[in-house]
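Written below as structure tokens is the structure these notes are about.
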Amino acid sequence: MYVEGITLDCLTQIKFNRSIYGIYHLLTGKKSIQSVHDARIFQLEKYYGVHLSLTRNQFLQIVNVMLENGLLNKDDGNEFYHVTKAGKEKLSLFQGTTIFSYLNGLSFSGIERQFRDRLYLLVQTYSNILVNNYSFIPIVDSQEVTKWVKDFYRRHQQSNFPDQLYHELYQLLSLLPKGEADFFVDRLSGYQYYGLSMEQLAIKYNLSRDDTIIYLTGITHVLINLVSQKKEAYPILSQLIIGFDQQKFITNTANQTFHLLKKQYSLEQIVQIRNLKLNTIYDHIVEIALYDSSFQIESYVNKKEQEEIIAAIQLNNTFKLKTIKESCSSTISYFQIRLVLTRLKELLPEGEIHV
Amino acid sequence: MSNTILLEKELETYFGYSTFRVGQKEIISDVLNGKNVLGILPTGTGKSICYQLPARLLEGVTIVVSPLISLMMDQVKELKATNFKEVVALNSFLDYDKRKQLYKNLYRYKLIYVSPEMLQQKELQFYLKKMTVSLFVIDEAHCISQWGHEFRPDYQKLKTVINQIGDPPVLALSATATREVQDDIINSLERPICKHIYPMDRSNITLSIQEVIINEEKLEIITNVLSEHKVPSLIYFSSKNAAENVSHLLSKRLPEHRVAFYHGGMEQMDRVAIQQQFMNDQIDIVCCTSAFGMGINKNNIRFVFHYHFPGQIESYIQEIGRAGRDGNQSISVLLYCRQDSFLPQQMIESELPSDGDLFRARQLFIKYQDEDKILPVEFQEIQAMFEISEVQWRFISSQLEKHGIKHKNGIKYDESKVDETFEQIKNIRDERLYVKQTKLKDMMNWIHLKTCLREGLYTRFQNGYTKVEEYCCSNCGIHLQDFNPKQTIPLKQLPTWEMKLKRLLVVGESK
């Protein structure tokens, strides 16, 4: 249900502008500028990286089953898919779910796993300490998370701490529908008790494997959102997301370029300093423009050029780079087109473009 | 004698046991006296204590060579859980920086687990040479012998490594080594060795074989037996898919039982969850592949079923050895269907390179030599080039090294010798194939045995065996209706998440 709904939503938005693999890359959170860019221009930010472990074959399998079930149609000659009437109905069903409203991939896909892992190990640790048991097999097997929990424990040894953690979790989970809180708590481990595996959750809650993953992802996103909006109410849980706020760029390397730009180095100088190709630096600049709405693009593409690109987009009714390029004068580069695409929302009146 | 009393005290202090199990004290005493020891102890009787206790008592560091990364990780996890923190596992999964950092701090550890491949690294040897190694342990020592069921070529190079790092006393351990294999181990190490061989037969495990016509019958037998008993049970499969499928079917047919599956393809967290749920009696039945159980120390497993039988008797003994570690009556049921013999046969073929694989490897090597290129180090890249499995590559690679064709960073050979070398590799491959097929045949012959199964199983490993009056084997005749093991009492299921959360985090709410 969820994974189908997401695919239908993506197809509805993207139409024929990208192949089906564009959706796959979006769902698996491919760390390429193209995927982030797609998420932005097609307004599918919420689905970025919501199913990280999905394989290409599994995804094709899902699409094939949707074809068989009449949710999709496919043109004979090409690889493009249409959403059928039944598909539209399924989509609107999905859009009525809480999970749809919870998903916030582009903001949270990078921190979701760590939020959960830290929480799982924290609950397990305090549950054991509560009964003075200091040796147990940790449910999360990651040095990073273990170190974080150890440091945390050193700073919080008060005897009433498990109680506080309980109250915060209680308060937080009470904001969710009962079924979702049940699901989330079933995954928690503690003293001489281990939470359910994803497979066990899938059976218990009658979900497919993929939907189980997206269900958990959605719940995690809403929890992170609730906690970060009201940090003062969650003195413990808000610490689980510390260190993530500043994470503005997806890639470290783009961030380095950004620092050099701020020091007024020219693109050519940055190429020299970083020993990278100019095209790579262009990628970084597009990435920076995507994440930082205050970043000025005028020095790379002037107002007149911007207007020409916008006109080409409207004329052809497309976001396909190649089509836009062919429709512009030859001096306009792909780099400039990509930059303009990052600013579509500002450059175009709301709702003006339907591609 | 005061010495032995002291040992028991140490055991109590570090592991919480008041007495040693059979053989442990004898082996540990010899180890502490600096002797070289070969110890053959049955599975499930605490082989690892034989070096874990000395590791804590001896002055310097103890090195343990272990063939399986997952096994090492489990052991480290368990030791850390008992508050032994100066323990570490070195394996190829560690990235370069982390490894470098670990090497520099090796002196901080008392017990170091390492894979045989890693031990070949000059860099690691360099650091080990600077330390005082007081004990060198070879776990699963049967891997030294090509007649053993899990031959690992790098095990044969251990002697050289031992010499390099100051010739510490050696402790070689195995649970399944025939006399042939024991001799191989001793010869390969080239040093005087005290042998401590203990009988490996487990008289509390009943051996039962049931032949069926179709797989559906297997399911019926398992359902019938387990519907009478709610006890910790394992069911072994040769494939992940079969384990998953039967797990789903069984949970429908046995609604009162809690059934789960386990295999190597699952995510780390789910693997820990299923293992530990089983340990805590949260689940009753695990449908699993051979990946399960290695690190599992559950002492009240009552049934071990084999839905598919393994390709060799040694694996079978290891797997049924997970039953009845508390000494109470337990039952092994091997379900045999004529078609099943194809599965181990396929497995054998997938483990060794085919003629075609060898031909492709040869062509590529010649090409690389001509273009003066360096062979990739990452296995993924090699797999893409040769289209072979990791086991197959390990075989080819070690053979090429042996013939001096492959060096640390590349390939070098005398062109005239290439054909000869590949011919030799083919011969060795055929020899291995023969060994494995013989083992499969042994397994099949045992399954079809008409006389006592216990006698047939154990006498190839040792002189004689303990005779069992009741509950011996299906050929001697058993009456399962009298089998009356202690039933699992399930943990109370709490109806709401609020109560579950309370059980986890509020005093007085946990059990």
Given (1) open to solvent by less than 70 Å² (accessible area, probe 1.4 Å); (2) within 8 Å of chain B (Cβ to nearest Cβ), index of the condition residue A:168 fails
(2)
Can you find a residue that is over 21 Å from residue B:154 (Cβ atoms), within 14 Å of chain A (Cβ to nearest Cβ) and not charged (D, E, K, R) anywhere in the stretch B:107-125?
no
So which residues in the stretch A:184-209 are farther than 21 Å from residue B:255 by Cα, more than 8 Å from chain B (Cβ to nearest Cβ) and at pLDDT 95 or above?
A:187
Identify the single condition in (1) more than 11 Å from chain A (Cβ to nearest Cβ); (2) free of Cβ contacts under 8 Å to residues at least 12 places away in the same chain; (3) not in a loop (DSSP other than H, G, I, E, B) that residue B:469 does not satisfy, given that it satisfies every other one.
(3)
Any idea which residue in the stretch B:415-463 is farthest from residue B:152 (Cα to Cα), counting only those that are in a loop (DSSP other than H, G, I, E, B) and within 25 Å of the chain's Cα centre (by Cα)?
B:463
Residues (at pLDDT below 75, out of contact with any Phe, Trp or Tyr (no Cβ under 8 Å at 6 or more places or on another chain) and not aliphatic (A, V, I, L, M)) located in the stretch B:366-386:
B:368, B:370, B:371, B:372, B:373, B:376, B:378, B:380, B:381
Can you name the residue in the stretch B:384-402 that is of a type in the set (Val, Ile, Thr) and buried (at least 17 other Cβ atoms within 10 Å of the Cβ) and, of all such residues, is farthest from residue B:430 (Cα to Cα)?
B:388
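Please determine whether any residue of the stretch B:301-308 is open to solvent by less than 10 Å² (accessible area, probe 1.4 Å), away from chain A (no Cβ under 14 Å), more than 19 Å from the chain's Cα centre (by Cα) and modelled with pLDDT of 90 or more.
Within the stretch B:301-308, one or more residues are open to solvent by less than 10 Å² (accessible area, probe 1.4 Å), away from chain A (no Cβ under 14 Å), more than 19 Å from the chain's Cα centre (by Cα) and modelled with pLDDT of 90 or more.
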Qualifying residues in the stretch B:57-76 (those that are of a type outside the set (A, V, I, L, M) and crowded, with 17+ Cβ neighbours inside 10 Å) - the one modelled with the highest pLDDT
B:62
Which one of the conditions (1) open to solvent by less than 70 Å² (accessible area, probe 1.4 Å); (2) more than 20 Å from the chain's Cα centre (by Cα) does residue A:292 fail to meet, given that it meets all the rest?
(2)
Please go through the stretch B:145-186 and give me each residue that is polar (S, T, N, Q) and within 23 Å of the chain's Cα centre (by Cα), ordered by number.
B:145, B:146, B:156, B:174, B:176, B:178, B:182
From the list B:438, B:488, which residue is farther than 30 Å from residue B:403 by Cβ and open to solvent by less than 60 Å² (accessible area, probe 1.4 Å)?
B:488
Inside the stretch B:1-111, counting only strands (runs of 3 or more DSSP E) that do not spill past its ends, which hold 1 or more residues that are more than 22 Å from residue A:143 (Cα to Cα) and in contact with a strand residue (DSSP E or B) (Cβ under 6 Å, 6 or more places away or on another chain)?
B:37-40, B:61-65
Among the residues of the stretch B:266-298, what is the count of those that are more than 9 Å from every other protein chain (Cβ to nearest Cβ), open to solvent by 10 Å² or more (accessible area, probe 1.4 Å) and more than 17 Å from residue A:137 (Cα to Cα)?
3
Conditions (1) in contact (Cβ under 8 Å) with a residue 24 or more places away in the chain; (2) of a type in the set (Ser, Thr, Tyr); (3) open to solvent by less than 30 Å² (accessible area, probe 1.4 Å) -> residue A:205 fails only (3)
Filter result (over 26 Å from the mean Cα position of the chain (by Cα) and within 7 Å of another protein chain (Cβ to nearest Cβ)) within the stretch A:113-137:
A:126, A:127, A:130, A:131, A:135, A:136, A:137
Selected residue (only one of B:83, B:105 is polar (S, T, N, Q) and open to solvent by 60 Å² or more (accessible area, probe 1.4 Å)):
B:83
Within the stretch A:1-47, residues open to solvent by 50 Å² or more (accessible area, probe 1.4 Å), over 23 Å from residue A:215 (Cα atoms) and without any contact (Cβ under 8 Å) to a residue 24 or more places away in the chain come out as A:34
Residues in the stretch B:218-238 that are assigned to a helix (DSSP H, G or I), β-branched (Val, Ile, Thr) and either open to solvent by 10 Å² or more (accessible area, probe 1.4 Å) or more than 25 Å from residue B:452 (Cα to Cα) (or both) total 3
Do we find a residue being touching a residue at least 40 places away in the same chain (Cβ under 8 Å), closer than 24 Å to residue B:264 by Cα and in contact with a Lys or Arg (Cβ under 6 Å, 6 or more places away or on another chain) anywhere in the stretch B:36-52?
yes
Residue among A:120, A:134 that alone is surrounded by fewer than 19 Cβ atoms within 10 Å (Cβ to Cβ), of a type in the set (Ser, Thr, Tyr) and assigned by TED's automatic domain parsing to the domain that holds residue A:168:
A:134
State the number of residues belonging to the stretch B:249-265 that are out of contact with any helix residue (DSSP H, G or I) (no Cβ under 7 Å at 6 or more places or on another chain), within 12 Å of chain A (Cβ to nearest Cβ) and modelled with pLDDT under 90.
0
Spans of helices (runs of 4 or more DSSP H) in the stretch A:62-153 with at least 3 residues more than 24 Å from residue A:50 (Cβ to Cβ):
A:105-130
Among the residues of the stretch B:278-288, is there at least one that is out of contact with any strand residue (DSSP E or B) (no Cβ under 7 Å at 6 or more places or on another chain) and within 24 Å of residue B:334 (Cβ to Cβ)?
no
Residues that are of a type in the set (D, E, K, R), assigned to a helix (DSSP H, G or I) and under 12 Å from residue A:216 (Cα atoms), drawn from the stretch A:158-187:
A:180, A:182, A:186
Six or more apart or on different chains, Cβ atoms under 9 Å: show the pairs whose first residue is in the stretch B:479-504 and away from chain A (no Cβ under 14 Å) and whose second is among the small types (Gly, Ala, Ser).
B:480/B:208; B:485/B:330
Conditions (1) surrounded by 15 or more Cβ atoms within 10 Å (Cβ to Cβ); (2) modelled with pLDDT under 95 -> residue A:157 fails only (1)
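The values are calculated or read from the model by the stated rules, or taken from the named source; none is laboratory data. Small disclaimer: the values here were computed from a predicted structure and weren't measured. Note that we place each Cβ from the backbone using ideal geometry, even for glycine, and neighbour counts take in every protein chain shown. For accessibility, only protein heavy atoms count, side chains too; no ligands or nucleic acids. Shrake-Rupley method; radii C 1.70, N 1.55, O 1.52, S 1.80 Å.
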